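The values are calculated or read from the model by the stated rules, or taken from the named source; none is laboratory data. In this text, all values refer to a predicted model and were calculated from it rather than measured experimentally. In this analysis, Cβ positions are derived from the backbone assuming ideal geometry, glycine residues included, and neighbour counts consider all displayed protein chains.
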Amino acid sequence: MENTNKKEVRLMKGNEALAEAAIRAGLHAYFGYPITPQSEILEYFEEQAPKRGFTVLQAESEVASINMIYGAAGAGARVMTSSSSPGVSLMQEGISYIATAELPCLIVNITRGGPGLGTIQPSQGDYFQSVKGGGHGDYKLFVLAPSSVQEMADFVFDAFRVSEKYRIPALILADGALGQMMEKLTLPEEGSLPHVTPEWGTTGKTKDRERNIITSLHIQPEKMEAINHHLQAKYKAIEEAEVRYEEYFMEDAEIVFVAFGLSARICQKAVDIVREKGIKAGLIRPITLFPFPKQIISETANRAVGFMVVEMNAGQMVEDVQLAVNGKCPVYFKGRMGGMIPTPEEIAVALEEKFIHHEEKV
Amino acid sequence: MIKTEEIIVAGFGGQGVLSLGQVLSYSAIIEDKETSWMPSYGPEMRGGTANCVVIISDGRISSPLVSRYDSAIILNQPSLDKFESCVKPGGFLFYEESTIVNPPTREDIHIFKIAATEEANKLNKKQVANMIMLGAFLEVRSIVKLESVSKALLKVLPERHHHLIPLNEKAIGIGKEIIQKQYQETI
Amino acid sequence: MEIPVLENLEVVYKKPETLTDTPFHYCPGCGHGVAHRVLMEVIDELGIQEETIGVAPVGCSVFAYHYMNIDMQQAAHGRASAAATGIKRVLPEKYVFSYQGDGDLAAIGTAETIHTVNRGENILMVFINNAIYGMTGGQMAPTSLCGQVTSTTPYGRDPAKIGFPLKITELIAQLPGAYFVARHAVHTPNAVRKLKKALRSAFEYQKLNKGTCFIEIVSNCPSGWKLSPLESQKWIEENMFPMYPLGDIKVPGKNITAPSTENN
């Protein structure tokens with residue numbers, strides 16, 4: 001007899017791994033609209049739904065999807081949507097409402113190159129949109145940045161857990177390459193994330209309680225300010241308890257890469273390349289983009305020669321690194337844009353140019 | 001020392017370039033190795049050029065994208081033009097003969113010319129040319145076992161095509177024979 | 001002061017339990033209050049308060065949840081039917097309705113309106129058409145009449161520039177997903193009685209899972225129309241009903257019919 005405890009190892013696309021993980025996490029409903037490079041998520045759900053008993057609906061637009069999420073999350077269900085950059089832009093009004101109404105849910109952005117209609121190739125150009133609000137008003141999302149197919153699956157569980165604990169929408173920010181690539185992964189176990197229908201959900205007013213109202217409207221400024229204080233206190237609690245990051249060769253690192261998602265994988269290889277030349281480089285990979293791991297970066301800045309931030313955009317997370325470093329040492333940036341992916345070799349060259357050859361010239 | 005093989009498979013959409021790469025990755029998983037399969041995606045998938053980068057390693061894979069390859073499996077001229085220069089010195093380049101007008105010229109890499117399309121046509125199944133290329137590759141670079149490849153085919157091919165597995169296995173064998181006959185001295 | 005105790009009196013009217021004690025904020029003469037009350041009376045009489053979830057729009061009825069004593073959500077502008085879809089899809093055994101004005105349902109939310117009905121979502125959509133944007137201060141609505149003066153059509157609605165009034169109810173009645181479509185009013189007791197009957201049918205139909213029930217309520221907006229409540233009742237009959245005739249538009253088991261003009 002086969003060992004039933006044996007972990008299930010599979011080769012899956014990032015998009016499909018994420019969708020499968022969501023089903024195993026006990027997803028009740030998915031609402032979404034096709035857009036490259038993430039349509040496999042909707043396709044996977046449509047194929048699986050009749051066999052595995054959850055709801056999936058192809059909406060007429062991303063605007064409709066996010067408002068269906070609002071309705072279903074408000075009714076206390078565990079729900080998610082997914083899209084790619086332009087589609088996520090369309091969702092921003094709804095996300096602001098969801099954040100204010102404090103509805104837990106998962107939003108997935110399999111990012112493509114922008115701005116505009118841009119390209120369908122991978123990008124990290126939606127960092128600002130993800131962590132600085134995106135829509136109107138002062139709100140935050142719990143933002144996770146996976147860098148492997150394994151994490152595309154695992155982070156779904158973490159996203160739902162944090163989202164429901166704090167009543168904050170969670171966002172998984174991955175890029176098109178992570179969505180499309182296949183890697184070996186061990187699938188998370190089904191049923192390991194229990195769901196309790198929340199007491200605040202609009203499930204029908206019973207005699208024993210007052211009616212439940214889901215709204216983001218508080219027309220009295222005194223009330224709205226109180227709501228804002230409440231939200232900010234929640235974000236602070238998340239900053240204190242839910243920061244995640246990973247270090248690579250940081251024990252003796254003098255030059256520190258900071259990169260998230262796919263860029264971090266590329267930087268790992270760049271670290272290997274320059275270490276062979278005797279350069280003491282390391283990598284800090286923020287896993288949560290909000291809350292941002294500013295403390296470890298600030299502490300590292302006390303001893304580091306300098307930082308190099310690598311992103312597939314024009315320089316977005318670099319601003320948060322600069323804030324954390326706070327002038328204690330130089331922070332350089334290396335980026336590619338428009339769907340281009342930097343190679344480990346060009347990252348290694350960029351690091352040497354800034355830190356090694358530069359010193360020689362001086 | 002961790003053994004890692006970084007492979008580019010490139011050709012036209014429809015030649016089975018992506019599935020060739022998937023067979024390699026599945027085989028690696030069956031042998032409990034680490035692997036990543038990174039496709040080009042988008043309009044290419046719908047008839048243009050297509051490629052995938054396959055990495056197979058005993059250890060953790062850092063970047064799933066690389067710009068230098070240990071091996072290249074090339075199924076059309078544009079891909080040869082693009083990737084010949086990306087093979088590491090001492091590396092391996094396999095190309096499908098009938099699709100190439102200007103053959104590779106590098107002298108610091110091992111080059112193998114495979115008449116995969118011609119041999120596939122002899123089997124009355126031109127779709128298995130990719131498996132002939134795979135067989136040739138595996139004869140030179142035995143990074144996964146043939147029995148793992150057979151198991152991988154069960155995963156990559158949809159169930160309705162499982163009756164074609166013996167034919168695919170035969171094509172892999174033909175690829176191996178081509179190498180054995182043409183390049184006995186080289187390897 | 002001592003309140004005299006009245007005995008042996010018959011109760012002829014009482015506020016339904018499904019309405020809260022919060023006084024309506026609506027302007028004198030506005031149809032929303034009556035529409036709210038009739039809707040809640042039906043829920044009360046059917047005994048489905050515990051099983052009903054409503055969705056309020058953006059517009060004058062944005063605070064509908066202040067008055068309706070049931071579980072409710074407030075949706076983004078135009079998206080009430082999308083939110084209602086989300087609720088119904090995860091709670092298919094419950095009664096779900098959306099309550100939207102003409103700007104919400106027939107301008108910014110047109111796509112959601114059409115696709116919700118086209119999917120045949122088993123919900124009730126209540127559509128208040130008063131041909132003007134009340135909350136923002138009397139701007140043109142998609143249903144404003146030709147020549148109607150509003151704050152954004154100060155020379156009257158010119159169809160050559162801005163198009164004709166949108167008869168979205170007739171439009172969505174064409175869709176196979178629409179099960180029951182009707183247009184009613186709240187300007188007279190008789191009209192209110194007919195509306196109530198239609199609303200009751202709509203909730204009863206919802207259990208059949210046959211498609212969307214859609215009820216337009218032609219209402220008035222004395223403030224937006226710059227008329228007294230009484231004048232606005234007259235205006236509704238003279239101007240609104242010719243464009244938006246009352247009656248059933250699509251009834252289960254029957255072909256699409258032209259609405260009757262019984263009230264005129």
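Restricting segment A:48-64 to residues that are small (G, A, S) and more than 8 Å from chain C (Cβ to nearest Cβ), which is farthest from A:Q92 (Cα to Cα)? Quick ask: steps written out before the conclusion?
Step one: filter segment A:48-64 for residues small (G, A, S), giving A:49, A:53, A:59, A:61, A:64.
Those still in the list that are more than 8 Å from chain C (Cβ to nearest Cβ) too: A:49, A:53.
Working: A:A49: 27, A:G53: 29 Å.
Within segment A:48-64, the match that is farthest from A:Q92 (Cα to Cα) is A:G53.
Just to be sure I understand, how many residues within segment C:240-259 are in contact with an Asp or Glu (Cβ under 9 Å, 6 or more places away or on another chain) and either at pLDDT 95 or above or outside any loop (DSSP other than H, G, I, E, B) (or both)? Quick ask: steps written out before the conclusion?
The first filter runs over segment C:240-259 and keeps only residues in contact with an Asp or Glu (Cβ under 9 Å, 6 or more places away or on another chain), leaving C:244-247, C:249, C:254, C:256-259.
With either at pLDDT 95 or above or outside any loop (DSSP other than H, G, I, E, B) (or both) added as a condition, the list becomes C:244-247, C:249.
Residues in segment C:240-259 being in contact with an Asp or Glu (Cβ under 9 Å, 6 or more places away or on another chain) and either at pLDDT 95 or above or outside any loop (DSSP other than H, G, I, E, B) (or both): 5 in total.
Can you report the number of residues in segment A:213-235 which are free of Cβ contacts under 8 Å to residues at least 40 places away in the same chain and either hydrophobic (A, V, I, L, M, F, W, C) or within 14 Å of chain C (Cβ to nearest Cβ) (or both)?
First, the residues of segment A:213-235 that are free of Cβ contacts under 8 Å to residues at least 40 places away in the same chain: A:213, A:217-226, A:229-230, A:233.
Of the ones still in play, those that are also either hydrophobic (A, V, I, L, M, F, W, C) or within 14 Å of chain C (Cβ to nearest Cβ) (or both) are A:213, A:217-220, A:223-224, A:226, A:233.
Count: 9.
Quick test for you: out of C:G177, C:G134, C:G138, pick the one residue that is surrounded by 15 or more Cβ atoms within 10 Å (Cβ to Cβ), at positive phi and small (G, A, S).
Details: C:G177 fails: at positive phi; C:G134 fails: at positive phi.
C:G138 is the lone residue from the list that is surrounded by 15 or more Cβ atoms within 10 Å (Cβ to Cβ), at positive phi and small (G, A, S).
Name the pairs: first residue in segment C:50-68 and under 23 Å from C:Q206 (Cα atoms), second residue of a type in the set (D, E, K, R) and crowded, with 24+ Cβ neighbours inside 10 Å, Cβ to Cβ under 7 Å, at least 6 apart or on different chains?
C:I53/C:D71; C:P57/C:D104
Report whether or not B:S36 is at pLDDT 95 or above and either in a helix (DSSP H, G or I) or not charged (D, E, K, R) (or both).
On the way: at pLDDT 95 or above: yes; either in a helix (DSSP H, G or I) or not charged (D, E, K, R) (or both): yes.
Taking the combined requirement at face value, the residue satisfies it.
Give me the residue from segment C:43-66 that is more than 25 Å from A:H136 (Cα to Cα) and crowded, with 24+ Cβ neighbours inside 10 Å and, out of that set, nearest to the other protein chains (Cβ to nearest Cβ).
Among them, the one singled out is C:I53.
Quick check on this structure: which one of C:E262, C:E237, C:E231 is over 23 Å from C:L124 (Cα atoms), acidic (D, E) and modelled with pLDDT under 95?
Details: C:E237 fails: modelled with pLDDT under 95; C:E231 fails: modelled with pLDDT under 95.
Testing whether each residue is over 23 Å from C:L124 (Cα atoms), acidic (D, E) and modelled with pLDDT under 95 leaves just C:E262.
Applying the selection to segment C:127-146, what residues are within 18 Å of C:R79 (Cα to Cα), among the hydrophobic types (A, V, I, L, M, F, W, C) and modelled with pLDDT of 95 or more?
Residues satisfying the conditions are C:F127, C:I128, C:A141.
Give me the pairs: first residue in segment A:336-348 and more than 8 Å from chain B (Cβ to nearest Cβ) and in a loop (DSSP other than H, G, I, E, B), second residue surrounded by fewer than 22 Cβ atoms within 10 Å (Cβ to Cβ) and hydrophobic (A, V, I, L, M, F, W, C), beta-carbon distance under 7 Å, and six or more apart or on different chains, which are they?
From segment A:336-348, the pairs are A:M337/A:A314.
When you go through (1) touching a residue at least 12 places away in the same chain (Cβ under 8 Å); (2) more than 23 Å from C:A76 (Cβ to Cβ); (3) under 16 Å from the mean Cα position of the chain (by Cα) one by one for C:S151, which number turns out not to apply?
(3)
Is at least one residue of segment C:213-229 of a type outside the set (D, E, K, R), in a helix (DSSP H, G or I) and closer than 30 Å to C:R89 by Cβ?
Quick first cut of segment C:213-229, residues of a type outside the set (D, E, K, R) only: C:213-215, C:217-225, C:227-229.
Now narrow it down to the ones that are in a helix (DSSP H, G or I): C:222-225, C:229.
Now narrow it down to the ones that are closer than 30 Å to C:R89 by Cβ: none.
Looking for residues that are of a type outside the set (D, E, K, R), in a helix (DSSP H, G or I) and closer than 30 Å to C:R89 by Cβ, one finds none in segment C:213-229, hence no.
Here is a list: A:E164, A:E225, A:E190, A:E239. Which entry is assigned to a loop (DSSP other than H, G, I, E, B) and of a type in the set (D, E, K, R)?
Numbers: A:E164 fails: assigned to a loop (DSSP other than H, G, I, E, B); A:E225 fails: assigned to a loop (DSSP other than H, G, I, E, B); A:E239 fails: assigned to a loop (DSSP other than H, G, I, E, B).
Answer to the selection: A:E190.
So, of the residues in segment B:66-94 that are within 18 Å of A:I266 (Cα to Cα) and buried (at least 21 other Cβ atoms within 10 Å of the Cβ), which turns out to be nearest to the chain's Cα centre (by Cα)?
B:Y69
Filter segment A:188-212 for residues that are in contact with a helix residue (DSSP H, G or I) (Cβ under 6 Å, 6 or more places away or on another chain) and more than 14 Å from A:G76 (Cβ to Cβ); which is farthest from the other protein chains (Cβ to nearest Cβ)?
A:E190
Evaluate segment C:157-166: report whether one residue or more is in contact (Cβ under 8 Å) with a residue 60 or more places away in the chain, not hydroxyl-bearing (S, T, Y) and not in a helix (DSSP H, G or I).
Yes, segment C:157-166 has at least one match.
Which one of these is under 30 Å from A:V56 (Cα atoms) and of a type in the set (S, T, Y): C:T143, C:T152, C:T169, C:T188? Even if it seems obvious, please write down each step before you answer.
On the way: C:T143 fails: under 30 Å from A:V56 (Cα atoms); C:T152 fails: under 30 Å from A:V56 (Cα atoms); C:T188 fails: under 30 Å from A:V56 (Cα atoms).
Only one candidate passes the filter, namely C:T169.
Exactly one condition in (1) touching a residue at least 24 places away in the same chain (Cβ under 8 Å); (2) under 30 Å from A:A301 (Cα atoms); (3) touching a Leu at 6+ places or on another chain (Cβ under 9 Å); (4) buried (at least 16 other Cβ atoms within 10 Å of the Cβ) is false for A:T202; which is it?
(2)
Of the residues in segment A:120-155, how many are in a loop (DSSP other than H, G, I, E, B), of a type outside the set (G, A, S) and within 24 Å of A:Y97 (Cβ to Cβ)? Explain how you work it out, then say what you get.
Residues of segment A:120-155 in a loop (DSSP other than H, G, I, E, B): A:120-121, A:123-126, A:132-141, A:145-148.
Right, trim to of a type outside the set (G, A, S) and you get A:120-121, A:124, A:126, A:132, A:136, A:138-141, A:146.
Those still in the list that are within 24 Å of A:Y97 (Cβ to Cβ) too: A:126, A:132, A:136, A:138-141.
Residues flagged as in a loop (DSSP other than H, G, I, E, B), of a type outside the set (G, A, S) and within 24 Å of A:Y97 (Cβ to Cβ) within segment A:120-155 amount to 7.
Say whether the condition of being of a type in the set (K, R), within 14 Å of chain B (Cβ to nearest Cβ) and surrounded by fewer than 22 Cβ atoms within 10 Å (Cβ to Cβ) is met by at least one residue in segment A:281-302.
Going residue by residue through segment A:281-302, those that are of a type in the set (K, R) are A:285, A:294.
The next check asks that each one be within 14 Å of chain B (Cβ to nearest Cβ); those that pass are A:285.
After this cut, where a residue has to be surrounded by fewer than 22 Cβ atoms within 10 Å (Cβ to Cβ) as well, the list is none.
So far as segment A:281-302 goes, no, none of its residues is of a type in the set (K, R), within 14 Å of chain B (Cβ to nearest Cβ) and surrounded by fewer than 22 Cβ atoms within 10 Å (Cβ to Cβ).
Quick one: how many residues across segment C:28-87 are polar (S, T, N, Q), in contact with a strand residue (DSSP E or B) (Cβ under 8 Å, 6 or more places away or on another chain) and under 12 Å from C:P16 (Cβ atoms)?
Let us first name the residues in segment C:28-87 that are polar (S, T, N, Q), namely C:49, C:52, C:61, C:69, C:73-74, C:81, C:85.
Among the residues that remain, those that are also in contact with a strand residue (DSSP E or B) (Cβ under 8 Å, 6 or more places away or on another chain) are: C:52, C:61, C:69, C:73-74, C:81, C:85.
Checking the rest, the ones that are also under 12 Å from C:P16 (Cβ atoms) come to C:69.
So the answer is 1.
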